[in-house]
1. By accessible area of protein heavy atoms, probe 1.4 Å, what ranking do Arg30, Arg340 get, highest first?
2. When we measure straight from the Cα of Lys115, which lysines land under 20 angstrom away, once same-chain ones fewer than 8 places off are left out?
3. Measure off 7 Å from each Cα along the Cα-to-Cβ vector at Phe66 and Ser210, then give the distance between these two points in nanometres to one decimal.
4. Between Ala180, Leu99, Tyr118, whose Cα lies farthest towards the positive end of the dipole of region 98-190 when Lys and Arg beta carbons carry +1 and Asp and Glu beta carbons carry -1, centred on the Cα centre?
5. For the chain, with only Lys/Arg (+1) and Asp/Glu (-1) charged at the beta-carbon, what is the dipole magnitude about the Cα centre, in debye rounded to 20?
6. Output needed for region 321-408: three equivalent-ellipsoid semi-axes, defined as square roots of 5 times the C-alpha gyration tensor eigenvalues, in descending order, whole Å.
7. Can you give the accessible area per residue of the chain, in Å², using a 1.4 Å probe?
8. With the radius of gyration and the Kirkwood radius both derived from the Cα set of the chain, what is their ratio Rg to Rh?
Amino acid sequence: MTMIQKPRGTRDFLPDEMEQRREVEGFMRRIAGTWGYREICTPEFEELELFTIRSGEGIVGEMYVFEDKGGRMMALRPELTAPVLRMYVNEGRTLAKPLRWYYFADCFRYERPQKGRYRQFWQFGVEQIGADSALAEAEVIMMAGEMLAASGISFSLHVGHLAFMRSLLSGLEPGDQKKARMFLDKKDNQGLEGYFASIGQEDLASSLTSLAGCRDLPSAFSLTGDIPEKDRICELFSILDAAGTRYELDPGIARGLDYYSGMVFEAYAENLGAENQVLGGGTYRLAHLFGGEETPSCGFAVGFDRVMVSRGEKSRQAALVVGIASTPEGLEYALAAASRFREAGLRTELALSGKSLGQQLSIVARSADFALIIGKRESDEGMVTLKDLRSGAQKILALDDAIAEVKGSEPR
Ligand code: HAM
């Protein structure tokens, strides 16, 4: 018989890994909460049009698309910004703005799987809806930096603005502009130069490559000349400086998605290879495409799985485990004792098989630090036998004293 495998590009997570993921997720939730962001949830699948309306039909090849039984074209969400803005138009238009929302959710992209690139992956994302200021943009950048720092990875945060590139590309056809952004997004300078040579725009190619290499505002502005967004851009960076945010100016950031309109930013983990982008985001406008009013918005998503790869295996302090072995006469008291131990917050496991106490003890010893042995005598006297499985020491104690003894000991 052939063994059934999980779908390509997906993963199973064993308990050790899940515990680590939940721990990091917890750090991110806590930070989002302290900045005033509250959790939302949207459907795992949406009408296909939600994703093609801005990005065009081309994106269909990268998505899980299906027809439902009613003949409607649906897609598993490849990201959550469009769903969240659809939700905002459907449910949130009357709420007081700015809205500060976050999500932790899985996304689906039909990509060629490799390390750090999966077909099902998780994003921890943030959307701030209805504010239009340099401070609003600075807020999401600062929060992104704090979240990645809390997750314990080494990374660099690159902040750019599409206005630089837009001003250089303004003379081109929209199709050529899109192509240029694509090369820049892939950091493919050779491709960029080849393409621009083929349309007779060699000079532009070299200006774009120089722009992508700029690391300070004066040199970026010297390439673009005065642009309408200049004051706003300067204000944003001066707020980031005032707050002591660690970032690099990077006017070469183009972002793969089509909806960004101004500030754009990405973070790269220092210890990852090709798929080192652990976060992406920026300012965008989407609400008007979904039937709402034009609404300035800003956000980012952390590629949660890449953060976990970057962190690597971190050993955690294992929780203390108490295993309970009992004779048939002691079972009722053993069940009560187990409840008391759990109420005290201790991880407590009953020996589920094994006829004799000896057999049960050897089962319990596979995972537990302490064994609680309960036979007729213990049950009659209202006591328990507590055995420290690490030292072999054994004591007869009242239940409360046994709980105190375990709680007072050091985990492995
Ligand atoms: P994105 O850059 O497409 O942006 O995705 C955000 C992050 O998700 C990436 O930086 C990467 O870490 C992770 N990611 C993307 N694809 C995969 C994959 N196949 N496997 C593992 N991780 C992946 C967005 O999705 C925007 N919605 C972000 C945003 C929110 N912009 C504004 N608000």
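1. Working: Arg30 140, Arg340 90 Å².
My answer, sorted largest first, is Arg30, Arg340.
2. Lys6, Lys186, Lys187, Lys314
3. My value for the distance between the label points is 5.3 nm.
4. Tyr118
5. Working: 49 positive and 60 negative charges, 220 e Å.
Once rounded to the nearest 20, the dipole reads 1060 debye.
6. Taking √(5λ) for each eigenvalue gives 16, 15, 12 Å, largest first.
7. With the other protein chains kept in place, the chain gives 50 Å² per residue.
8. With Rg and the Kirkwood Rh in hand, the quotient comes to 1.12.
The values are calculated or read from the model by the stated rules, or taken from the named source; none is laboratory data. Note that the structure is predicted; figures quoted are calculated from it, not measured. All Cβ positions, glycine included, derive from the backbone under ideal geometry; neighbour counts span all protein chains shown. Keep in mind that these areas ignore ligands, DNA and RNA; they rest on the heavy atoms of the full protein, side chains included. Shrake-Rupley method; radii C 1.70, N 1.55, O 1.52, S 1.80 Å.
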